[in-house]
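The values are calculated or read from the model by the stated rules, or taken from the named source; none is laboratory data. Note that the coordinates shown come from a computational prediction; the quantities given were computed from them, not determined experimentally. Note that each Cβ is placed from the backbone with ideal geometry, even for glycine, and that neighbours are counted across all protein chains shown. All accessible areas refer to the heavy atoms of the entire protein, side chains included, with ligands and DNA or RNA removed. Shrake-Rupley method; radii C 1.70, N 1.55, O 1.52, S 1.80 Å.
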Amino acid sequence: MNSFNLRKPKLNQENLRAVSPVSLNDDDLFEDFIIKDADLSEAKSEDIRFLTGFIDHSQLSGSAFLRPKITDVVIENSHLSNANWEKSLFSSVRIDSSKLTGFIALSGKWNDVIINKSKADL
């Protein structure tokens, strides 16, 4: 049996604030955030950053992020199908109960990423 010592996302919910992004810009920074029930399908961004937070029940299908940086983030019950996060940098990320069918992350660097109870085919 393999044993992994993955660094789990460090989140203190008392420090997080709800945000409701309607559209995304190339240099957006979401820090200490909770994004819930957002529709960001087909969103495009060059250098978006998600640092320390939750993405829950959100739609990111078909999104195109060229160099997204995702650190200390939990993504739950969300759809990332056919998203293209080409040169993504994931560090300490947990993806639970989400759909990643056709998700593309070519040239991405992922460290300490857990995908649990999710559909990630194609």
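Structure notes:
- For the chain: span of alpha carbons on each principal axis (Å, largest first): 44, 37, 22
- Formal net charge of residues neighbouring Leu29 (Cβ-Cβ distance under 14 Å; K, R +1; D, E -1): -4
- Protein accessible area in the chain, 1.4 Å probe - carbon and sulfur %: 45
- Nearest-20 debye value, the chain charge dipole, Cβ charges on Lys, Arg, Asp, Glu: 460
- Entries in Lys8/Lys44; Lys8/Lys99; Lys36/Lys109; Lys36/Lys87; Lys10/Lys44 that, when Cα-Cα distance is taken, lie over 22 Å: Lys8/Lys44; Lys36/Lys109; Lys36/Lys87; Lys10/Lys44
- Per residue, the solvent-accessible area of the chain (1.4 Å probe, heavy atoms of protein chains only, all protein chains present) comes to 57 Å².
- Fraction in percent of alpha-carbon pairs per bin - 10 Å, the range 55-122: 24, 63, 13
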